[in-house]
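Report on the structure given below.
The values are calculated or read from the model by the stated rules, or taken from the named source; none is laboratory data. Keep in mind the model is a prediction, meaning the values are calculated, not measured. Cβ atoms come from the backbone with ideal geometry, glycine included; neighbour counts cover every protein chain shown. The accessibility values were calculated without ligands, DNA or RNA, using every heavy atom of the protein model including side chains. Shrake-Rupley method; radii C 1.70, N 1.55, O 1.52, S 1.80 Å.
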Amino acid sequence: MTHDHDLVLRPTAAQREAALNPPPGRTGGDLVVETLAGLGATTVFGLPGQHALGLFEALRRSDLRYVGLRVENNAGFAADAYGRITGEAAPLLLSTGPGALTSLAALQEAAAASAPVLAVSSQIPTAGLGGGRHGYLHELPDQSASFRGVVKSVHTVRTQSQIPSAIAAAWESALTAPHGPVWVEIPQDVLLAETTIPVVTGGDAFPEELPPRPELTAVAAQLLATAARPAIIAGGGVVRADAAGKLRQLAERLSAPVVTTFGGKGAFPWTHPLSLQSWLEDRHTTDFLQDADVLLVVGSGLGELSSNYHTFKPRGRVVQIEADLGKLESNHPALGIHADARLALQALLETIEEPREDASAPERVREVLAKVRARIDGQELTLEQDLLASIRRALPSRAPSFWDMTILAYWAWSAFDPRGANTMHSAQGSGGLGYAFPAALGAAVADPTSPVLAVSGDGGALYSVAELATARQYDLNVTWLIVDDGGYGILREYMTDAFGATTGTELTRPDFVALAESFGVPGVRTSPETLTEDLAKALAAPGPSVVVLPAVLRMFAPTHVTG
């Protein structure tokens, strides 16, 4: 059998002429941007730096759109969101040493969330490589070693002829399930030197497919079709694989209740009769899932947040579909199927042809949700619930939202209806601060036709205020809601509960409205009573805006601790 991507394409007459007579003045940097464009990239994020100037000079001569942020970590968050929204590999251009290292937290989040980011970094001149101490600016003994434990793959370039293939290999790696960030490193002199290598006119980097093994699909299908009480946990892998539609088909065919993880928000319709929503930090949900005789886990490793802090102990058979091989059976024994969620769900749909009838499933779902609601209602936390409802009313249904590590986001993980797959994103993959606003900027670049919401606390907001300049420079349609409680609110709560006192949680902060306006970004101070109106108005207006909500919020009581 011959596959399209096995064919060797012959160059056209024009391509042969261009190859034999490349234009003068091109450098290694041109090979980078030509390869990216040939692979399909249209937009790149990043910051220039001394060793990367050859890359940025070539970028000026290209048709690629450049979006420059003010801090490398924020540029990484923007690229992460662009990759999540588009499904494309998002190039991130960085300079050597401090610039490269500043991106590490963003790349960790991209790895945890399976966001395809293609980081291209400069390196000191070739003469300084090899681990000696030559005293070059930004010199590290082994720069790529700092990234090997964070990114999916590392690709080092030492000559110009290596550039197109290295970038193509990185592109393929970033987009092969599970998606993730990759790292390409190129020395300064290689980027700056003139090249006689022909213009890169195209690039074929086909991500490898990851289908399920058929014998495993057969066993999984038999278990699910004959189960008395099947249930499904849908994780971020369903969203990344664009498999929400297939998940719904399978759930309905099996009459199986579905709970989505915090990373899998939107993978299943919130108001569907089989939807257990996302109340994973509630013992009623945990007990229900433990009672399933067959539990299908799709696109989740059942880590800390997805297992009610490892208190979840399934009593039935577990079938786990996961593209990340290291996550298979890492927390619970299972029938582990190493596969892309979309391909595995399709295989199950093709194998389980007869619907499994269970009229009691929707009623059992309603009972669990009623117990959850009664528990939350008994804690007198109406402010937090009202704020989420206000945001939901103000935010257009398909508009994406990005949430920082803040109390309102922790509520949203469990209680917010995302109204669609791939619309709600947070930094819960690795849990770093400062994600929401720069990520929202990346999403606005990906789709300028839709408003984007970012939600931060005042502590997290201070990580990202420099990007108000980016928002204004590119006139991006992002509304930034800052919940100002005067400190790191969740840490304040954790420390008070654990020690009866706090240390380092209280913060002096700026007047965020005045700060926004100093960047030329409209700002407004709102209240719980006026939040819906103020937020809707800001979201409807073109360009960036800031809405500040002074409020001290509380978390609902956990169910994973005793005593």
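Peptides 360-366, 439-445 ranked from most to least packed, by the mean per-residue count of other Cβ atoms within 10 Å: 439-445, 360-366.
The magnitude of the dipole of segment 114-261, with charges of +1 and -1 set on the Cβ of Lys/Arg and Asp/Glu and taken from the Cα centre, is near 660 debye.
Label-to-label distance, D447 versus D142, with points set 7 angstrom from Cα along the beta-carbon direction: 4.3 nm.
Relative to the Cα centre, what is the charge dipole magnitude of the chain, using +1 at the beta carbon of each Lys and Arg, -1 at the beta carbon of each Asp and Glu, and rounding to the nearest 20 debye? Each step should come with its number before you reach the end.
Values: 41 positive and 60 negative charges, 28 e Å.
Roughly 140 debye, rounded to the nearest 20.
Averaging the sequence gap over all C-alpha pairs within less than 8 Å and six or more residues apart, then dividing by the number of residues, gives segment 517-563 a relative contact order of 41 percent. With the cut-off at under 18 Å, measuring from each backbone N in segment 452-473 to a point 7 Å along the Cα-to-Cβ line of E506 picks out 458-459. A simple count of charges around N331, restricted to other residues whose Cβ falls under 14 Å of its Cβ and scoring Lys, Arg +1 and Asp, Glu -1, yields -2. Per residue, the accessible area of the chain comes to 40 Å², computed with a 1.4 Å probe over protein heavy atoms only. Of all aspartates and glutamates in the structure, those lying under 15 Å Cα to Cα from K152, and not within fewer than 8 positions of it along the same chain, are D80, E109, E172, E185, E208, D324.
Highest average first, the peptides 276-288, 454-466, 192-204 ordered by how many other beta carbon atoms sit within 10 Å of their residues are 454-466, 276-288, 192-204. Here the relative contact order of the chain, from alpha carbon pairs under 8 Å that lie six or more residues apart, stands at 13 percent.
Around the Cα centre of segment 341-437, unit charges on the Cβ atoms of Lys, Arg, Asp and Glu (plus for the first two, minus for the last two) sum to a dipole of about 280 debye. Taking θ as phi - 60° and the Karplus parameters 6.51, -1.76 and 1.60, the scalar couplings of segment 46-62 work out to x, 9, x, x, 3, 6, 9, 4, x, 5, 6, 5, 5, 4, 4, 8, 9 Hz in sequence order, x denoting glycine and proline.
Compared with the dominant principal axis of the Cα atoms in the chain, helix 214-225 is inclined by about 20°. With point charges of +1 on the Cβ of Lys and Arg and -1 on the Cβ of Asp and Glu, referenced to the Cα centre of segment 251-393, which listed residue (Q385, H338, S300) lies farthest in the positive direction of the dipole? Towards the positive end, the residue furthest out is Q385. From the Cα gyration tensor of segment 61-142, with a ≥ b ≥ c the square roots of its eigenvalues, which class applies: rounded if a/c is under 1.5, or else prolate if a/b is larger than b/c, or else oblate? Prolate is the answer for segment 61-142, as a/c is 1.5 or above and a/b outweighs b/c. Taking R0 as 25 Å, what FRET efficiency do you get between E215 and E357 from their Cβ-Cβ distance, rounded to the nearest 0.05? Step by step, r from the Cβ atoms, then E = 0.35. Shown is the FRET efficiency for E252 and T12, computed with R0 = 45 Å from the Cβ-Cβ distance and rounded to the nearest 0.05: 0.35.
Considered as an equivalent ellipsoid built on the Cα gyration tensor, the chain has semi-axes of 40, 32, 21 Å, the largest given first.
Ordering P269, A498, I163 by Cα displacement along the dipole of the chain toward the positive end leaves P269 in first place; charges were set at the Cβ atoms of Lys, Arg (+1) and Asp, Glu (-1). In µm²/s, what is D for segment 439-526 at 37 °C and 0.692 mPa s, where D = kT/(6 pi eta Rh) by Stokes-Einstein and Rh is the Kirkwood radius from Cα pairs? In µm²/s, the coefficient rounds to 230.
Amide hydrogen proximity for S153: with H placed 1.01 Å from N in the peptide plane, the residues at 5 or more positions away or on another chain lying under 5 Å are W183. For the chain, the longest principal axis of the C-alpha atoms and the axis of helix 163-175 are separated by about 10°. Net charge around T156, counting only other residues with Cβ within less than 13 Å of its Cβ (Lys, Arg = +1; Asp, Glu = -1)? That sum, taken over residues with Cβ under 13 Å, equals 0. Summing +1 for each Lys or Arg and -1 for each Asp or Glu among the other residues whose beta-carbon sits under 11 angstrom from that of H51 gives -3.
Rolling a 1.4 angstrom probe over the chain with all protein chains present gives an accessible area of which 53% lies on carbon and sulfur atoms. Once the C-beta distance of E350 and H310 is scaled by a Förster radius of 25 Å, the resulting FRET efficiency is 0.10 to the nearest 0.05. Residues whose amide H comes within less than 5 Å of that of T43, counting only those at least five positions distant or on another chain, are R65 (H built at 1.01 Å from N in the peptide plane). Residue separation of D63 and S165 scaled by 0.36 nm, minus their Cα-Cα distance, works out to 34.6 nm of gained length.
Of the residues P98, T559, L69, the one whose Cα sits farthest towards the positive end of the charge dipole of the chain is T559 (charges of +1 on Lys and Arg Cβ, -1 on Asp and Glu Cβ, taken about the Cα centre). Each residue of segment 31-38 was assigned a 3J(HN,Hα) from its phi angle through the Karplus expression (A = 6.51, B = -1.76, C = 1.60, θ = phi - 60°), giving 4, 5, 5, 5, 5, 4, 5, x Hz with x at Gly and Pro.
By the gyration tensor of its Cα atoms, with a ≥ b ≥ c the square roots of the eigenvalues, what is the shape of segment 362-482: rounded for a/c under 1.5, prolate for a/b over b/c, or oblate?
prolate
Shape of segment 267-395 from the C-alpha gyration tensor: prolate (a/c of 1.5 or more and a/b above b/c, with a ≥ b ≥ c the square roots of its eigenvalues).
Which of K313/K371; K371/K537; K265/K537; K246/K313 have a Cα-Cα distance over 31 Å? Flagged as over cut-off: K371/K537. In this view, the solvent-accessible surface of I124, computed with a 1.4 Å probe and all protein chains in place, comes to about 0 Å².
Report note on the peptides 375-387, 213-225: ranked by the mean count of other C-beta atoms within 10 Å, highest first, their order is 213-225, 375-387. The phi torsions of segment 437-448, fed into the Karplus equation with coefficients 6.51, -1.76 and 1.60 and a -60° offset, translate into couplings of 5, x, 5, 4, 5, x, 5, 5, 5, 5, 9, x Hz, rounded to whole numbers, with Gly and Pro shown as x. Angle of helix 361-377 to the longest C-alpha principal axis of the chain, folded into 0 to 90 degrees and rounded to 10: 90°. Remark on M424: its backbone amide H falls under 5 Å from those of S401, a criterion applied only to residues 5 or more positions apart or on other chains, H modelled at 1.01 Å from N.
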